[in-house]
């Protein structure tokens, strides 16, 4: 539904990884590790059947992904192979370090660099990830009629939830 097909993405990704180097703390350059995660994938799911509402959700989701990840977002594909339609978004970070795309990890690293305690680092991690999820809900979930937090989280009975 967005970007290039998976074969083209795979070729582009392999080319980027083949020539990539990582600068070590001592200033030396070396080829990136073969175990380094160099791509991120986000799965977004629609809780119903493929209809006009789902297509609007899909368009909002792609827009949110583009706004959030910019040119790093390479491909978004839709699968209808399970009970609910879902999107797979593939993101290749400029530095080929997939962890840099994780909002919680970035916040935790910043908190650590600022000299905060481990407890404060974990709070920064959790809050940043909540903010990322809230951003998705605000731009996509809410206009699509989806809830941010389900009934189990707030300990509601089914009747109360309905």
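Laboratory data are not the source of any read-out in this text; all were calculated from the coordinates shown. This structure is a prediction, so every number in the text was calculated from the model and none was measured. Using ideal geometry, Cβ is built from the backbone for each residue, glycine included, and neighbour counts are taken over all protein chains shown.
Odds and ends about this structure:
- By the Cα gyration tensor, segment 110-162 has an equivalent ellipsoid whose semi-axes, rounded to whole angstrom, run 31, 16, 4 from largest to smallest.
- Counting neighbouring Cβ atoms within 10 Å and putting the fewest first, the residues 147, 38, 157 line up as 157, 147, 38.
- Among 102, 88, a tally of other beta-carbon atoms within 10 Å of each Cβ gives an order, fewest to most, of 88, 102.
- If the segment from residue 8 to residue 122 were pulled out straight at 0.36 nm per residue, it would be longer than the present Cα-Cα gap by 37.2 nm.
- Estimated [θ] at 222 nm from DSSP helical runs (n ≥ 4, -39500 (n - 2.57)) normalised by residues in the chain, nearest 500: -12500 deg cm²/dmol
- Full extension of the segment from residue 129 to residue 25, taken as 0.36 nm per residue of separation minus the current Cα-Cα distance, would add 34.6 nm.
- For segment 1-83: rounded, prolate or oblate by the Cα gyration tensor [a/c cutoff 1.5]: prolate
- Angle of helix 6-18 to the longest C-alpha principal axis of the chain, folded into 0 to 90 degrees and rounded to 10: 30°.
- Rounded FRET efficiency, nearest 0.05, which uses the C-beta distance separating residue 105 from residue 149 and R0 of 35 Å: 0.95
- A simple spin-label model places pseudo-atoms 7 Å from Cα toward Cβ; at residue 49 and residue 34 they are separated by 4.9 nm.
- Rg in Å to one decimal, and Dmax rounded to a whole Å, for the chain via C-alpha atoms: 18.9, 62
- Highest-MSF residue in the chain out of 91, 77, 42 [GNM, Cα springs under 10 Å]: 42
- Separation of alpha-carbon centers, segment 70-91 and segment 1-51, rounded to whole Å: 14 Å
- The modelled label-to-label distance between residue 162 and residue 18, using points 7 Å beyond Cα along the C-beta direction, is 6.0 nm.
- Exposure proxy ranking, count of Cβ atoms within 10 Å, fewest first, for 90, 129: 129, 90
- Angle in degrees between helix 52-69 and the longest Cα principal axis of the chain, rounded to the nearest 10: 30 degrees
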